[in-house]
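For reference, the structure is listed below as structure tokens.
The values are calculated or read from the model by the stated rules, or taken from the named source; none is laboratory data. Nothing here was measured: the structure is a model prediction, and the numbers come from that model. Cβ atoms come from the backbone with ideal geometry, glycine included; neighbour counts cover every protein chain shown.
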Amino acid sequence: MIKLNRIQCFLFGLGIICLFYVLNRSRYIVNADRVEGKFVFYVSENDTTDGALVYPVIEYEVKDSAYRFKGREGSAFELNEHVPVLLEDHDPNRPMLFTTGSFWLYPLFYIILPVLIWAAFSLSYIQKNEKVLINMKYPFFRKEKGSIELRKRQFE
């Protein structure tokens, strides 16, 4: 049984969300081949009302075959710059740019929603003087008001 106050409960949930993020990213690294790619040129696409989006085109070789793919918008490279590429599930047709921005930072946008939902739940469900008891049997969650010492004093 775990007993957590409001802040501890929020941090516990935040830790679990971050753990899932790291495990998800690590799964890609473990199940992929790493090859060196080379930045070739930028391609521009007019798919927004604000203007053109610019994508880098990365070229890499696997078993004497050349492949190209578009990286994430906003990546900045110099001509012929070498960049790391992960081949997802060892498949040369499923490349991922293995840079800090594209591989680690971009997916952080997808954990903002779970963090906001968890913050809203944990910080509004548990009041300042309450604790949550987490069990491995039913009922899994139970709120407890005040401390045990406070309850003992009330009964004296």
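Taking every residue in region 131-156 that is modelled with pLDDT of 85 or more and pairing it with any residue that is in a helix (DSSP H, G or I), at least 6 positions away or on another chain, the pairs with Cβ-Cβ distances below 6 Å are 132/9. Among the residues of region 82-97, is any basic (Lys, Arg), farther than 30 Å from residue 128 by Cβ, more than 19 Å from the chain's Cα centre (by Cα) and part of a strand (DSSP E or B)? No, the conditions are met nowhere in region 82-97. Among the residues making up region 60-75, a single one is aliphatic (A, V, I, L, M) and surrounded by fewer than 16 Cβ atoms within 10 Å (Cβ to Cβ): 66.
Do we have any residue at all in region 76-83 that's at pLDDT 90 or above, in contact with a Gly (Cβ under 6 Å, 6 or more places away or on another chain), under 23 Å from residue 29 (Cα atoms) and surrounded by 15 or more Cβ atoms within 10 Å (Cβ to Cβ)? Checked against the condition, which is being at pLDDT 90 or above, in contact with a Gly (Cβ under 6 Å, 6 or more places away or on another chain), under 23 Å from residue 29 (Cα atoms) and surrounded by 15 or more Cβ atoms within 10 Å (Cβ to Cβ), region 76-83 yields at least one hit. Within region 111-124, the set of residues being touching a residue at least 12 places away in the same chain (Cβ under 8 Å) and either closer than 29 Å to residue 64 by Cα or among the hydroxyl-bearing types (Ser, Thr, Tyr) (or both) comprises 122 only. Could you tell me whether residue 54 is in contact with a strand residue (DSSP E or B) (Cβ under 9 Å, 6 or more places away or on another chain) and farther than 30 Å from residue 138 by Cα? The answer is yes for residue 54. Selection of region 5-28 for residues being more than 13 Å from residue 107 (Cβ to Cβ) and part of a helix (DSSP H, G or I) yields 6, 7, 8, 9, 10, 11, 12, 13, 14, 15, 16, 19. Among residues of region 98-110 that are closer than 16 Å to residue 35 by Cα, those with a beta-carbon under 9 Å from a residue that is of a type in the set (Val, Ile, Thr) and in a helix (DSSP H, G or I) at least six positions away or on a different chain give the pairs 98/29; 103/29. If you filter region 85-130 down to residues that are surrounded by fewer than 12 Cβ atoms within 10 Å (Cβ to Cβ) and under 18 Å from residue 56 (Cα atoms), you find that the one that is modelled with the highest pLDDT is 93. With the condition kept exactly as written, say whether any residue in region 40-59 is exposed (fewer than 14 other Cβ atoms within 10 Å of the Cβ) and either touching a residue at least 40 places away in the same chain (Cβ under 8 Å) or part of a helix (DSSP H, G or I) (or both). No, because not a single residue in region 40-59 is exposed (fewer than 14 other Cβ atoms within 10 Å of the Cβ) and either touching a residue at least 40 places away in the same chain (Cβ under 8 Å) or part of a helix (DSSP H, G or I) (or both).
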